Amino acid sequence: GLGFNIVGGTDQQYIANDSSIYVSRIKKDGAAYLDGRLQEGDKILAINGKDLKDLRHKDAVELFRNAGCYVSLKIQRRLQPQNGPVGHRGDGESGGLPLAVILVPGLALAATAVWILLRYRQRM
């Protein structure tokens, strides 16, 4: 997969009164970790130009699943830690479904392509 987990959505709010999609965990040695720009707590605003606002969690997951070979994320950095997220277990686990579990195996190749693309853009 892309190497990170997501939480949130209109049906599974991670932060009270906020149905946005958030990065809950970056998997060590995954594509997102190796790229280094995505951080836990980042709000994902869009994937490949598709706005994630007001989506159910499963619909957001489906957008990631069908993202294709080149994935572009628009994110908003979390400026400060949030207190009391809805459903937070406090045990270091996010409660979100790992994307690696739900993405089709072919996206492993896509993750590599994204990592290469992001590295190429970073040098421009």
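The values are calculated or read from the model by the stated rules, or taken from the named source; none is laboratory data. Predicted model only: the values in this text are computed from it and were never measured. Neighbour counts are summed over all protein chains in view; Cβ atoms, including those assigned to glycine, are modelled from backbone coordinates with ideal geometry. Only protein heavy atoms, including side chains, enter the accessible area calculation; ligands, DNA and RNA are left aside. Shrake-Rupley method; radii C 1.70, N 1.55, O 1.52, S 1.80 Å.
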Item to check | Within the range 47-70, considering residues that are over 16 Å from F4 (Cβ atoms) and either part of a strand (DSSP E or B) or among the basic types (K, R) (or both), the one most open to solvent (accessible area, probe 1.4 Å) | outcome: K53
Next on the checklist: Quick check on my filter: what residues within the range 8-46 are open to solvent by 30 Å² or more (accessible area, probe 1.4 Å), in contact (Cβ under 8 Å) with a residue 60 or more places away in the chain and assigned to a strand (DSSP E or B)?
Outcome noted: R25
Next on the checklist: Quick check on G41: is it closer than 16 Å to W115 by Cβ and out of contact with any strand residue (DSSP E or B) (no Cβ under 6 Å at 6 or more places or on another chain)?
Outcome noted: no
Checklist entry - Does R77 satisfy the criteria of being of a type outside the set (G, A, S), more than 15 Å from N5 (Cα to Cα) and modelled with pLDDT of 95 or more? => result no
Next on the checklist: Which count do you get for residues in the range 1-28 that are over 18 Å from V71 (Cβ atoms) and out of contact with any strand residue (DSSP E or B) (no Cβ under 7 Å at 6 or more places or on another chain)?
Outcome noted: 9
